RNA sequence: GCGGGCGUGGUGGAAUGGUAGACACAAGGGACUUAAAAUCCCUCGGCGAUAGCUGUGCGGGUUCGAGUCCCGCCGCCCGCACCA
């Protein structure tokens, strides 16, 4: 028996079947135990899982199985983020329906996930492309429409010319579409929006309460929301025949620098610019030029500051009799603030660049600390740091903050055009969330456009608005719009011929509430609020950092919107958030420069030197850098092959060991083999101990020192592993399990007495329970060998005996002048005076002191002794 | 440019201000074997024969004591980026 190797290929499917048959991981909503909701970001059904999924779901499963063992009612569901463009591309390439392709992929991936042995309640599985799911999304869209959380407006949008659809700001990365990578163009389109900006302040403020989120993610969201406090300020215009506008409104965060103002800047898209350009061909050409360059971020960055003098002038608001020129400038954005600024070149680099180019005045008004007001001047670098206001009449001598307050009061009390000249205002960078996508494979937006009644919601009794099946992807663009009949309907209000909305929703809408749907996946309503409120927020959410802004911010907004529409009773969907690192692998390159897959090469090691050659041709292969696994670099490892070769437990164990979970992990063949060896070691240990116990049935002399040491090691491990799993430090939990295994194996090999064997028997029992969340199949097999009734998956987590964590002796390091010179083993908790007399009596101490008295003796109880000679 | 993070053996990484390098991988040596695989044992930051000295990117500081805290550099990574 003990000679047999553990065979995961036999054992893993066996236990998966047992779990299935016993419905081990089904979760009841009415279970009275404490609820615990653990969720990993659901996958896009691309057809195959990758190692990133394995890592993500291995972590989630550890958390789920641990809390199950701790007696919680654990919800651990899985679903599919099933709408999206790849299905349409596949439809074009393979002449299949996007749904056919998607559901086939779901089947394939589900099989793969099941082979991992995850403790998932598959009865709650959802696919966002199913009408059973998206009908509720349509209901909520209409609820949100009623509540004024949805608008339709014409807006300049990011247009992806490859995917032929609109992208949200968040989906544009470095000026390129997040999926297609194509440079994004600006277009003017009528779009549906969720009014996420109404929640900007709340979304920002509530970040402080998300204490179980990574600081990095919170920071990224804070920056994205981009709150800035400033002043809206009216500049009175000097009369001109070019326009009848009487004032220009600007937004500034630096009103304290108003005495240094030297021009007004307008966005090329400012209404006044547009008006002036109508009669001014040169200005029109300038604006057109700005638009040409205005699309990609890269060009923006390098673009020179350019301005166009409109000839208009405004009155300087605080310097009597002085006027300022009005420029149109290429760097001013229309959709931030008011689309107009006042330029203070001395204290803003962009303004300075423009001022130098057009010879405008540069007056410093903030004096750096220690600078001499008589000689301080600005060269080609604006001064943006703290200082004291000068050259500024009634603001002189104030700090920047005080000056801001003073000038806000000053302008608040004055009137221009019958309004206060200045008004304190808060601005956010966060824009409304444009959800319209000109695609077929998405959730239809349930409205009808009627010439008479305008935009009419589809009556709720007519939901869901279902996607038509008979679609063709022969033409580029929106197949829904191209469908011959689908969009032609009668107006639900007046009955006249009308047109269905053919935009579908951004797939980020689908993933903004799936976590709520899991709590009642078959309900007739989007949620059953009492049930959702019991489960939510998700106790532990785990996923990739790439969703730090998009998905997590949208979900936070959507949860608030669901609260306002009565579907849930809370604001924040995710109490604990964890972002795991990527899975990386070495890259391999042939002499031809082509990337080569790891399976096609063999590594030769000679000492520490490694070289690679092609298996078939023997051609030399260059070992390249370690990179994120990607198809393009061919440095991917297929989870199916790993499971087939080593088993799921080995893959899971390796994904959890060594690297801290938030950091990248490097997949190596040697590492996997190490994990696999450990699996065999555990199997052997358990079998050996069982055999020993059978031969030596008599038990327990509890004062046996060796047996006690084993028990202590076991309980230390239980305590440590529990803490590490709760803190998501899986690599440290793994290390502690190794440590315990080493202790137990050593005891097995050391001619164990009856008492030791009894302790060992208990020890391996606990060890298997500690291993269970990580290698559940192995654990079940060992559990069986140990002669337990039932499944280890159903067993409660071992209890820590606090008495076993206490040592009555402790070994203190002895430092002399901060350097370690020796150690002493004393009774734990010994009084400082007693410790001192014991330590001072030591030869090594007396030798070091050379007969002198120590200057000082520091004793930290049970930790350290430091003697200052 | 702004914001955040990180820098520890050959490698991945441990270390509530208290014995730096737990645990693992790689490497080297040995045992068992006809041989191999598997397994087990030993060594493994550097210098040194030992005692010892030295060592956590670099330079300072606080402290009885610093990988950890503070200041200043250097390097790498990530995010945002004409947001007034």
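Every read-out reported here was derived from the displayed coordinates using simple, explicitly stated rules and does not represent laboratory data. Since the model is a prediction, treat every value here as computed from it, not as a measurement. Please note: Cβ atoms are built from the backbone with ideal geometry, for glycine as well, and neighbour counts cover all protein chains shown.
Here are some notes:
- Order by protection proxy (mean Cβ within 10 Å, highest first), peptides A:86-92, A:436-442, A:51-57: A:436-442, A:51-57, A:86-92
- Between the helical axis of A:754-771 and the longest alpha-carbon principal axis of chain A there is an angle of about 20 degrees.
- Given R0 = 25 Å, the distance between the Cβ atoms of residue A:405 and residue A:377 translates into a calculated FRET efficiency of 0.35.
- The range A:409-446 versus the range A:37-85: alpha-carbon centroid distance in Å: 38
- For the range A:421-481: rounded, prolate or oblate by the Cα gyration tensor [a/c cutoff 1.5]: prolate
- Burial ranking of peptide ranges A:10-18, A:528-536 (average Cβ count within 10 Å, highest at the top): A:528-536, A:10-18
- Projected onto their three principal axes, the Cα atoms of the range A:255-389 cover extents of 48, 38, 25 Å, largest first.
- Solution diffusion estimate, µm²/s, Stokes-Einstein, the range A:13-140, Kirkwood Rh from C-alpha pairs, 4 °C, viscosity 1.567 mPa s: 81
- Axis of helix A:776-785 versus longest Cα principal axis of chain A: the two differ by about 20°, to the nearest ten degrees.
- Cα shape, the range A:669-818, gyration tensor, a/c 1.5 rule: oblate
- Whether the range A:71-161 is rounded, prolate or oblate, judged on the alpha carbon gyration tensor where a/c under 1.5 counts as rounded: oblate
- Estimated from the Cβ-Cβ distance and a Förster radius of 35 angstrom, the FRET efficiency linking residue A:808 and residue A:738 is about 0.85.
- A Förster radius of 45 Å combined with the Cβ-Cβ distance from residue A:666 to residue A:460 puts the calculated FRET efficiency at roughly 0.30.
- The alpha carbons of the range A:623-700 give a radius of gyration and a Dmax of 17.9, 62 Å, in that order.
- Full extension of the chain between residue A:89 and residue A:857 gives 269.0 nm of extra length, using 0.36 nm per residue less the Cα-Cα distance.
- Length gained on full extension, residue A:599 to residue A:832, computed as 0.36 nm times the residue gap minus the Cα-Cα distance: 77.6 nm.
- Alpha-carbon centroids, the range A:650-671 and the range A:216-278: separation in whole Å: 52
- Computed from the C-alpha gyration tensor, the three semi-axes of the ellipsoid equivalent to the range A:780-869 are 47, 13, 10 Å, from longest to shortest.
- Separation of the residue A:386 and residue A:723 label points, Cα + 7 Å toward Cβ, nm: 4.0
- For peptides A:128-134, A:150-156, sequence by mean Cβ density within 10 Å, most packed first: A:128-134, A:150-156
- Spin-label model, residue A:220/residue A:156: points 7 Å from Cα along the beta carbon direction are separated by 2.7 nm.
- Segment residue A:695-residue A:817, length gained on full extension (0.36 nm per residue, minus Cα span): 38.4 nm
- Alpha-carbon centroid distance for the pair the range A:708-754 / the range A:799-814, whole angstrom: 15
- A convex hull fitted around the alpha carbon atoms of chain A yields 268 Å³ per residue.
- Compactness of the range A:111-158, taken as the C-alpha radius of gyration over 2.2 N^0.38 Å, stands at 1.86.
- Here the Kirkwood formula, the inverse mean of 1/r across different C-alpha pairs, assigns the range A:729-803 a hydrodynamic radius of 13.2 Å.
- Model label sites at residue A:229 and residue A:4, defined 7 Å from Cα along the beta-carbon direction, differ in position by 7.2 nm.
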